[in-house]
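Structure first, commentary second.
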Amino acid sequence: MALEHWNAAGFAEASTSDQLVVVDFWADWCGPCRMLGPTVEELAERYDGKARVGKVNVDADPELARHFGIMSIPTVVFLKGGKEIARKVGVMPAAVYDGLVRENL
Amino acid sequence: MTYDILIVGGGPAGLSAAVNGRARGKSVLLLSSPMADNPLWKAERVENYLGLPGVTGPELLGAFRRHAKASGAEIRELRALSAMPVGETWYLSGEEHVFEGRSLVLAAGAVRGKALPGEERLLGRGVSYCATCDGMLYRGRDVVVLGWTESAEREADFLRRIGCAVRFHDRPQGVEILGEDAVTGVRVNGREEKADAVFLLRPAVAPTALLPGLAVENGAVTVDRNMATNLPGVFAAGDCTGGPYQAAKAAGEGLIAGQSAAKWADRTNQ
């Protein structure tokens, strides 16, 4: 599965996955978020079938953002077995996200 | 479009880089804060700019900006937020916009003073540098805006318009940011105020906040004789590379950075 776009229900389903789950919290009025977009898409393609990579729009799903205590975007959260194992706030070099995925597959 | 050269900073270094990039026929986009936020704007007299003794800061800065505009550089008043490479292209975000370029010149000035107590610990946990990015997350909640720029009040108004309960402090002193895992308030001049978020709006942004992975030493960007940083295609000039904090030094470094960036753009544009 390539890049997914999750609403609350979609995310609830994805988070039960045994695979690593990567969630990018973003909004279209946020320049840095849009800048990070291609990097997240690339992760989704590179780890297709090994990890589930998706985006949550904080405007469309504010309660999901609140649930995760998102206070600044972009924030990328990494989950395994439904539990948060890491998060990165702000725009980081692509290798940072890639490294976290590889370590946690 | 993909610009040949993206420049962050509208002071002598950035504007000089723009003029010299244009002189080599390169497309140039420069992001700047309003001129009144530039430290040179506050200089009543500049005595050591060669050939122009006694010129005022605003005169000098205005002439620099007119020159850069006349050279064909595109200048936009936007707060640069972050940059990242994707392949050979540099992406630069300015507020809600994203720009692409073959090379990047950092000329965003020196960050004066230390981080506030609590600032680094609570960054991304209620401390934010970007009203347009994070404001929407705090609709209907208490936010404090601490501004050290001419344009800060405008950003406070933006937050009010989207529905935040805003308290604005112009150039506050004695500030401490409070909270354990997340911001709970601020202390300004000994008075505590409750807040879910604190927006810090300063004239200069730390180069490493703009570009994680950039090599710095004692807060100054590390550069070689070509004004090249440790990151491929990224050059730096002016106060952000260290002192002396003088317009002539900045303009000279900007010239070199503009030429180096032009050369880099040629190399990657084949």
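In whole percent, how big is the carbon plus sulfur part of the accessible area of the range B:127-201, probe 1.4 Å, protein atoms only? Kindly include the intermediate steps, with their values, before the conclusion.
Details: 1420 of 3400 Å².
Ligands and nucleic acids excluded, carbon and sulfur reach 42 percent.
Mind checking which of B:LEU78, B:LEU29, B:LEU123 has the largest fluctuation in a GNM of chain B, springs on alpha carbons under 10 Å?
Judging by the Gaussian network model, the answer is B:LEU123.
GNM, chain A, Cα, under 10 Å: largest mean-square fluctuation among A:GLU13, A:GLU41, A:GLU84?
Highest fluctuation of the listed residues: A:GLU13.
How high is the relative contact order of the range B:127-201, given as a whole-number percent (alpha carbon pairs under 8 Å, six or more residues apart)? Could you put the intermediate results ahead of the total?
Values: 155 pairs, mean separation 29.7, N = 75.
Across the range B:127-201, relative contact order equals 40 percent.
Within the accessible area of the range A:42-105, what % is carbon and sulfur when the probe is 1.4 Å and the other protein chains stay in place? Let's see the in-between values first.
Details: 1480 of 2960 Å².
Carbon with sulfur: 50 percent of the solvent-accessible area.
Under 1.5 on a/c is rounded, so check that first for the range B:127-201, then, if it is not, pick prolate when a/b is larger than b/c and oblate when it is not; a ≥ b ≥ c are the square roots of the alpha carbon gyration tensor eigenvalues.
Working: a/c = 1.78, a/b = 1.17, b/c = 1.52.
Verdict is oblate for the range B:127-201.
For chain A, what's the relative contact order in percent, using C-alpha pairs closer than 8 Å and at least 6 residues apart?
Working: 170 pairs, mean separation 38.5, N = 105.
This gives 37 percent for chain A.
Order the following by accessible area, largest value first: B:ILE5, B:ILE162. Probe radius 1.4 Å; ligands, DNA and RNA are ignored.
On the way: B:ILE5 0, B:ILE162 35 Å².
From most exposed to least exposed: B:ILE162, B:ILE5.
Taking only Cα atoms, what is the 0 to 90° angle, nearest 10, from helix B:57-70's long axis to the longest principal axis of chain B?
The two axes meet at around 60 degrees.
Which cysteines in the protein assembly as shown lack any other cysteine whose Cβ sits under 4.7 Å from their own Cβ?
B:CYS164, B:CYS240
Of B:GLY213, B:GLY51, B:GLY185, which is the most mobile in a GNM of chain B whose springs link Cα atoms less than 10 angstrom apart?
B:GLY51
Does the protein assembly as shown come out rounded, prolate or oblate by the C-alpha gyration tensor, with a ≥ b ≥ c the root eigenvalues, rounded set by a/c under 1.5 and, if not, prolate when a/b is larger than b/c and oblate if not?
Numbers: a/c = 2.26, a/b = 1.37, b/c = 1.65.
Taking the square roots of the gyration eigenvalues as a ≥ b ≥ c, the protein assembly as shown is oblate.
Keeping all protein chains in position, work out how much accessible area B:LEU81 exposes to a 1.4 Å probe, and write it in Å² to the nearest 10.
Its heavy atoms expose roughly 30 Å² to the probe.
Rounded to the nearest 500, what is chain A's calculated 222 nm mean residue ellipticity when only DSSP H runs of at least 4 contribute -39500 (n - 2.57) each, over all residues?
On the way: 4 runs with 40 residues, N = 105.
Mean residue ellipticity at 222 nm (helix-derived): -11000 deg cm²/dmol.
Which whole-percent values make up P(r) of chain A when all C-alpha to C-alpha distances are grouped in 10 Å steps starting at zero?
Taking every Cα pair in chain A, the percentages come to 16, 56, 28, 0.
Near A:ASN104, within a Cβ-to-Cβ distance under 13 Å, what is the net charge of the other residues, with Lys and Arg +1 and Asp and Glu -1? All intermediate terms of the calculation are to be shown ahead of the outcome.
Details: positive: A:LYS50, A:ARG52, A:LYS80, A:LYS83, A:ARG87, A:LYS88, A:ARG102; negative: A:ASP18, A:GLU84, A:ASP98, A:GLU103.
Net of charged neighbours comes to +3.
Report the relative contact order of the range B:1-82, percent, no decimals, based on alpha-carbon pairs under 8 angstrom and at least 6 residues apart.
On the way: 127 pairs, mean separation 28.7, N = 82.
Relative contact order comes out at 35 percent.
With a 1.4 Å probe and every protein chain left in place, work out the accessible area per residue of the range B:127-201 in Å², rounded to a whole number.
On the way: 3400 Å² over 75 residues.
On a per-residue basis, the range B:127-201 sits at 45 Å².
Evaluate peptide B:82-90: per residue, the Cβ atoms of other protein chains within 10 Å of its Cβ; return the mean as an integer. Walk me through the numbers before you get to the answer.
Numbers: counts 8, 3, 9, 3, 7, 2, 0, 1, 0.
Whole-number average of other-chain Cβ neighbours for B:82-90 is 4.
Expressed as an acute angle from 0 to 90° and rounded to the nearest 10, what is the orientation of the C-alpha long axis of helix B:247-268 relative to the principal long axis of chain B?
So the helix axis and the longest Cα principal axis differ by about 70 degrees.
Excluding B:THR229 itself, what net charge comes from residues whose Cβ is under 13 Å from its Cβ, given Lys and Arg +1 and Asp and Glu -1?
Working: positive: B:ARG225; negative: B:GLU217, B:ASP224, B:GLU253.
Overall, the nearby charge balance is -2.
Buried accessible area between B and A (1.4 Å probe, both chains summed, ligands and nucleic acids excluded), in Å² to the nearest 100? Before the final figure, lay out the partial values.
Values: alone 13040 and 5450 Å², together 16680 Å².
Heavy-atom accessible area buried at this interface is about 1800 Å².
Round to the nearest 10 and give me the degree value, 0 to 90, for the angle of helix B:152-161's Cα axis relative to the longest principal axis of chain B.
With both axes taken from Cα atoms, the answer is about 50 degrees.
How large is ³J(HN,Hα), in whole Hz, for each residue of the range A:60-76 in order, when computed from phi with the Karplus curve 6.51 cos²θ - 1.76 cosθ + 1.60 and θ = phi - 60°, using x for Gly and Pro?
Ordered by residue, 3J(HN,Hα) equals 6, 10, x, 5, 5, 4, 5, 4, 8, x, 6, 10, 7, 10, x, 10, 10 Hz.
Please list, ordered by chain and number, the residues whose modelled amide H lies under 5 Å from the amide H of B:GLY179; skip anything fewer than 5 residues away on the same chain.
Excluding prolines and chain starts, which carry no amide H, the hits are B:THR184.
If we sort B:60-66, B:254-260, A:93-99 on the protection proxy, mean other Cβ atoms within 10 Å, highest first, what's the order?
Values: B:60-66: 18.3, B:254-260: 26.0, A:93-99: 15.3.
Going from most to least packed, we get B:254-260, B:60-66, A:93-99.
Sketch the reach of a paramagnetic label on B:GLU88 as a point 7 Å from Cα along Cα-to-Cβ, and name the residues of the range B:234-270 whose backbone nitrogen lies under 14 Å away.
Under cut-off, by backbone N: B:263-270.
Grab the other residues whose beta carbon is less than 14 angstrom from that of B:LEU30, score K and R as +1, D and E as -1, and report the net. Before the final figure, lay out the partial values.
On the way: positive: B:ARG22, B:LYS26, B:ARG65, B:ARG66, B:LYS69, B:ARG76, B:ARG79; negative: B:ASP4, B:GLU74, B:GLU77.
Within the 14 Å Cβ shell, the charges total +4.
Over 23 Å between Cα atoms, which of B:LYS69/B:LYS114; B:LYS42/B:LYS114; A:LYS88/B:LYS194; A:LYS55/B:LYS194; B:LYS42/B:LYS263 qualify?
Details: B:LYS69/B:LYS114 34 Å; B:LYS42/B:LYS114 21 Å; A:LYS88/B:LYS194 26 Å; A:LYS55/B:LYS194 32 Å; B:LYS42/B:LYS263 34 Å.
From B:LYS69/B:LYS114; B:LYS42/B:LYS114; A:LYS88/B:LYS194; A:LYS55/B:LYS194; B:LYS42/B:LYS263, over 23 Å: B:LYS69/B:LYS114; A:LYS88/B:LYS194; A:LYS55/B:LYS194; B:LYS42/B:LYS263.
Please list the equivalent ellipsoid semi-axes of chain B, computed as the square roots of five times the alpha-carbon gyration tensor eigenvalues, in descending order and whole angstrom. Intermediate values should be presented prior to the final figure.
On the way: eigenvalues 212, 88, 56 Å².
Working from the Cα gyration tensor, I get semi-axes of 33, 21, 17 Å.
For B:126-138, what's the mean count of beta carbons from other chains sitting within 10 Å of each residue's beta carbon? Intermediate values should be presented prior to the final figure.
Working: counts 3, 2, 5, 2, 6, 0, 3, 10, 7, 2, 8, 13, 1.
Partner Cβ neighbours, averaged per residue: 5.
Mind checking A:23-31 for the average number of partner chain beta-carbons within 10 Å of each residue's beta-carbon? Could you put the intermediate results ahead of the total?
Numbers: counts 0, 0, 1, 0, 5, 1, 7, 12, 17.
Mean partner shielding for this stretch: 5.
Residues of the range B:190-220 losing 20 Å² or more of accessible surface, assembly versus chain alone, probe 1.4 Å, please list them.
B:PRO212
How many Å² of accessible area per residue for chain A, probe 1.4 Å? Don't jump to the answer; show the numbers that get you there.
Values: 4550 Å² over 105 residues.
Result: 43 Å² per residue.
The values are calculated or read from the model by the stated rules, or taken from the named source; none is laboratory data. Only a predicted model underlies this, so the values are computations on that prediction, with no experimental measurement involved. Methodologically, a virtual Cβ is constructed for each residue, glycine included, from the backbone with ideal geometry; neighbour enumeration extends over all protein chains shown. The area values use the complete protein model at the heavy-atom level, side chains included, leaving out ligands, DNA and RNA. Shrake-Rupley method; radii C 1.70, N 1.55, O 1.52, S 1.80 Å.
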